[in-house]
Amino acid sequence: MDQDLSKYKKPLSEIIAGILKNDIFNRELCLGERLIETELAARFDVSRSTIREALKILEQEELVTSKANKGTFIIDYTEKDMEELNEVRMLIERVAFVKALPNMKEEDFNKLQEILEEMKIEGKRENWNRLFDLDMQFHCYVINRCGNSRLIKIYESIQAQVRVYLAHLDKHYPTPMAYYNEHKKLYDALKKKDPELVENQTKQHIEFIEESMMRSE
């Protein structure tokens with residue numbers, strides 16, 4: 001067993017699901033890879049029924065899929081999946097970022113600035129995994145200030161998928177600092193509290209990803 005689960009208070013299945021989720025996010029488990037219950041049970045020193053419960057949690061988040069007579073596999077994003085996630089992000093974030101502006105206070109901008117500073121540090125370290133975690137923190141923080149509970153819940157429902165998607169963007173950017181700079185532009189637009197500017201910059205931010213993907217094909 002390579003993790004000590006005794007320090008956690010959550011059910012074992014939730015703990016294991018969280019660990020496996022991070023393994024997928026950090027590409028320690030590969031897209032399309034088969035997850036074998038007996039191996040996972042041995043790794044975590046738990047029963048196969050606990051592993052099945054953990055995998056069911058991941059399946060509900062659409063991070064894994066079960067195939068009849070074949071087993072459970074990590075999702076494997078196609079180009080169409082990427083396009084669809086970009087479309088969903090465009091629909092949600094353009095609206096949510098603008099709606100968040102009236103609710104953003106100085107302490108909120110200070111928090112975003114803290115996230116950006118950490119992104120800059122991790123960018124210089126070329127720590128892509130941490131950059132992607134901070135990307136999610138940045139976007140979720142703003143979206144959670146939009147004042148629309150349904151928009152927030154919709155975004156929460158796809159967060160895990162978006163994080164997996166982000167984990168494979170490093171090959172589409174020239175440097176980690178270019179990734180940081182994209183978020184700095186978005187922050188600067190938010191800071192000005194100009195709805196039109198924020199909507200345009202959010203659109204450009206997501207389109208930049210699409211264009212980068214196309215250039216690297």
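Dipole orientation for the chain: of the candidates 98, 205, 11, 11 has the Cα lying most toward the positive pole (charges on Cβ; Lys, Arg +1; Asp, Glu -1). By the rule of a C-alpha distance below 23 Å, with chain neighbours fewer than 8 residues away ignored, the lysines paired with residue 80 are 21, 67, 171, 203.
Over the stretch 19-63, the ratio between the Cα radius of gyration and 2.2 N^0.38 Å evaluates to 1.09.
Write down the Å³ per residue value for the convex hull defined by the alpha carbon atoms of the stretch 58-101.
About 86 Å³ per residue, rounded to a whole number.
Helical runs assigned H by DSSP (4 residues or longer) give the chain a calculated mean residue ellipticity at 222 nm of -23000 deg cm²/dmol, each run adding -39500 (n - 2.57) before division by the residue total. What a 1.4 Å probe finds exposed on the chain is 47% carbon and sulfur by accessible area, rounded to a whole percent. Calculate log10 I(q)/I(0) of the stretch 1-144 for q = 0.12, 0.15, 0.21 Å⁻¹, where I(q) comes from the Debye formula with a single equal point scatterer on each Cα and nothing for solvent. Results for the stretch 1-144 at q = 0.12, 0.15, 0.21 Å⁻¹ read -0.68, -0.97, -1.25. Rg and Dmax of the stretch 132-217, based on Cα coordinates, read 13.4, 38 Å. With the convex hull of the Cα atoms taken as the outline of the stretch 51-209, the averaged projected area works out to 10.4 nm². Relative to the 2.2 N^0.38 Å rule of thumb, the stretch 69-154 has a C-alpha radius of gyration ratio of 1.34.
Averaging over all projection directions, the Cα-based convex hull of the stretch 123-171 occupies 3.5 nm² in the image plane. Qualifying chymotrypsin sites (Phe, Trp or Tyr not before Pro) in the stretch 105-163, where qualification requires a DSSP coil assignment and no more than 13 other C-beta atoms within 10 Å, are lacking entirely.
The values are calculated or read from the model by the stated rules, or taken from the named source; none is laboratory data. In this text, all values refer to a predicted model and were calculated from it rather than measured experimentally. With ideal geometry, Cβ positions are generated from the backbone for all residues, glycine too; neighbour counts draw on all protein chains shown. Accessible surface is based on the protein model in full, side chains and every heavy atom, while ligands, DNA and RNA are left aside. Shrake-Rupley method; radii C 1.70, N 1.55, O 1.52, S 1.80 Å.
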